[in-house]
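Working notes, beginning with the structure itself.
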Amino acid sequence: MSSHEILGFTASILIGITLGLIGGGGSILTLPVLVYLLGINPTVSTTYSLFVVGTTSLVGAVRYMQQRLVNYRAALAFSLPSFAAIYLTRTYLVPAIPDPVFSTPAFYLSKNVAIMVVFALVMLAASGSMIRDHRIETDADQNRISPNLLATEGVLVGILTGVVGAGGGFLIIPSLVLLARLPIKMAVGTSLLIIAANSLIGFLSGLSLTTIDWRFLLVFTALSILGILLGTYLTRFVSGPKLKKAFGWFVLAMGVYIIVKETFLQ
């Protein structure tokens, strides 16, 4: 096993820890790990990322369910339109993306590079969301859920999930706090359930796009599940807001690196 493979499998544990601690961010790490450390094609990696993040988030969501920290009404209002968006995106939009996406005698943009650049832009947006101190904890009034706004946000996250294999936790959690009036810990648990459902639906929708190396995928996912069990345990001792801000700066650096690598270092 090469040093890159050792780093890649070690990073899978970090992916799970991140999901367990802050209820999102796992997919932000998963795609770069699969592409840059393990050398997997970006299009294939988006499918793998959906399975890893979906399965890992489901395990985390069960832990939160046991603590009664999941709001099923909000999850349903968000997820149903999101499912439709993911299915349509993976079934029709992703296969329709041309390769190359754009080409002139002086410039060539392949499908794989386009996916990574779009993902890097998502990372930059996510980093800003995590770095800023929102202080969005509210008085929990779970009877004031705004289903129309949640549905709209669900469609946007569904498209994002379908294209780049990102669960969208950095978008889901603020939506649940601001639109569904959930306390932050319940928003994290509900987010994990939504991410799990979205990601696994996206994975199933994209099965026809690639051949799956199940042995590799199951080992990688098992390590990520180990990480989320550790992450949910560490929530007792680690300050969530401080961790989220630190992770935001890391995501910002990763996003800049991907853009520079894909556009200037090819």
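The values are calculated or read from the model by the stated rules, or taken from the named source; none is laboratory data. Just so it is clear, the structure is predicted and the values come from calculations on it, not from any experiment. With ideal geometry, Cβ positions are generated from the backbone for all residues, glycine too; neighbour counts draw on all protein chains shown.
Tabulated values for the structure
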quantity	calculated
The stretch 26-41, residues that are among the small types (Gly, Ala, Ser) and at pLDDT below 85	26, 27
Condition met for residue 108 (out of contact with any helix residue (DSSP H, G or I) (no Cβ under 6 Å at 6 or more places or on another chain), assigned to a helix (DSSP H, G or I) and among the aromatic types (Phe, Trp, Tyr))	no
Any hit, the stretch 196-212, residues being assigned to a helix (DSSP H, G or I) and touching a His at 6+ places or on another chain (Cβ under 9 Å)	no
Subset of the stretch 214-266 (residues that are under 29 Å from residue 114 (Cα atoms), at pLDDT 80 or above and of a type in the set (Val, Ile, Thr))	219, 221, 256, 258, 259, 260, 263
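Conditions tested, residue by residue: (1) surrounded by 14 or more Cβ atoms within 10 Å (Cβ to Cβ); (2) at pLDDT 85 or above.
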{"residue": "96", "(1), (2)": "no, yes"}
{"residue": "106", "(1), (2)": "no, no"}
{"residue": "112", "(1), (2)": "yes, no"}
{"residue": "119", "(1), (2)": "yes, no"}
{"residue": "137", "(1), (2)": "no, no"}
{"residue": "148", "(1), (2)": "no, no"}
{"residue": "152", "(1), (2)": "yes, yes"}
